[in-house]
Amino acid sequence: MLIQISLNMKKLLFSACIVFSAISLACSCQNKSGSILSGKDSISFDSIKVDSTLALVEGDAASPACHISLSITYAIGKNADYINDSIIRSGILSPDYFSISSEKLSIKETVDSFVSRYLSEYKNDYGVLYKADREHSASYNCEYLVSTYILQESDDYFTYVANIYNYGGGAHGSSVVITKNVNVKNGKIVALKDIFVPGFERDLNDIIVKYLCEQFKVKTLDALRQKTVFLGIDVYPPDNFIIGKKNITFIYSTDEIASHAIGEIRVKIDNNDLKDLFRK
């Protein structure tokens, strides 16, 4: 269920590719999102959804506006508080207003607080600019969309996936995928260093290049770079990945390692090719 809210102030500025916003609290509502079997424990999930549009200038038919839509999945059950707190503080919502605070917030409080602050910053930041530049109204339109869901392809981990789109003027918006793999036994988010042996990076980079070469039908890293993949940058494994039962999928967002036209790049590597890198 989406709640459409008419707010009394408007949108959000995102310097550098994320939109900031202004004023008024958006209402949220909770929807059953199902459950997932995590190892021996059944972990349920709910979602909070907010869909709001805020005009920068109330009563101005030509006013730019900020649209913010959030669908935030959260855990219920064993280790739920720890899981939810870890996810919220890991950058799923950006700007990350919560990582520097130790205050405990419920998911609803977190979402409402984020929406209110995002819209408030949009109104403050974009309002001044728009007053001085009414001729370019479209340049001050902003949009921030977050959709989250749960995957579980491994008995030991589930993956929290957030698809994020933000637009703050310009030729096109920015699309990013953020993933967080959660250990079902202790609720902790795991990084690559937690599952691979120390010094894994060099060998993993070589494996990633091998798979990318197959994907792009080339034979060398130099040939990959001619296709704009890792052009001018060193090879690296991304922080976004999905732990499966028989593989790990590494995700590079649009514009991260290649030209915009190529889009998102996923590299699914069989565990057999990673076996020497896994911690025992």
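Some observations on this one:
- Residues Lys217, Lys245, sorted by accessible area with the largest first, give Lys217, Lys245 [1.4 Å probe; ligands and nucleic acids excluded].
- Rg(Cα) / (2.2 N^0.38 Å) computed for the range 78-197, rounded to two decimals: 1.31
- Per-residue ³J(HN,Hα) for the range 154-160, Karplus 6.51 cos²θ - 1.76 cosθ + 1.60, θ = phi - 60°, Hz, x for Gly and Pro: 10, 5, 8, 9, 10, 10, 8
- Sorted largest first by accessible area at a 1.4 angstrom probe radius, with every protein chain in place, the residues Asp96, Asp81 fall in the order Asp81, Asp96.
- Accessible-area composition of the range 115-255, carbon plus sulfur, in percent [1.4 Å probe]: 49 percent
- Listed residue pairs exceeding 27 Å between alpha carbons, taken from Lys49/Lys246; Lys188/Lys219; Lys108/Lys245; Lys219/Lys246; Lys123/Lys180: Lys49/Lys246; Lys188/Lys219; Lys108/Lys245; Lys123/Lys180
- Glu264 accessible area, 1.4 Å probe, all protein chains in place, Å² to nearest 10: 80 Å²
- Taking only the alpha carbons of the range 156-219, we obtain Rg and Dmax values of 16.6, 45 Å in that order.
- Glu153 paired with Ala261, simple spin-label distance in nm, labels 7 Å along Cα-to-beta-carbon: 2.9 nm
- Two-site FRET efficiency, Lys219 against Lys246, from Cβ-Cβ distance with R₀ of 22 Å, rounded to 0.05: 0.25
- Taking the Cα atoms of the range 122-262, the ratio Rg/Rh between the radius of gyration and the Kirkwood radius comes to 1.08.
- Restraint check, Lys185/Lys275; Lys217/Lys275; Lys104/Lys268, Cα-Cα greater than 28 Å: Lys104/Lys268
- The gain in end-to-end length when the Asp194 to Asp96 segment is fully stretched comes to 32.9 nm, 0.36 nm per residue minus the alpha carbon separation.
- Rounded, prolate or oblate (a/c below 1.5 giving rounded, otherwise prolate when a/b exceeds b/c) for the range 43-133 by Cα gyration tensor: prolate
The values are calculated or read from the model by the stated rules, or taken from the named source; none is laboratory data. Since we're looking at a predicted model, the values are computed, not measured. Don't worry about glycine lacking a Cβ; one is built from the backbone with ideal geometry, like all the others, and counts go over all protein chains shown. These accessible areas exclude ligands, DNA and RNA; they are computed on the full protein's heavy atoms, side chains included. Shrake-Rupley method; radii C 1.70, N 1.55, O 1.52, S 1.80 Å.
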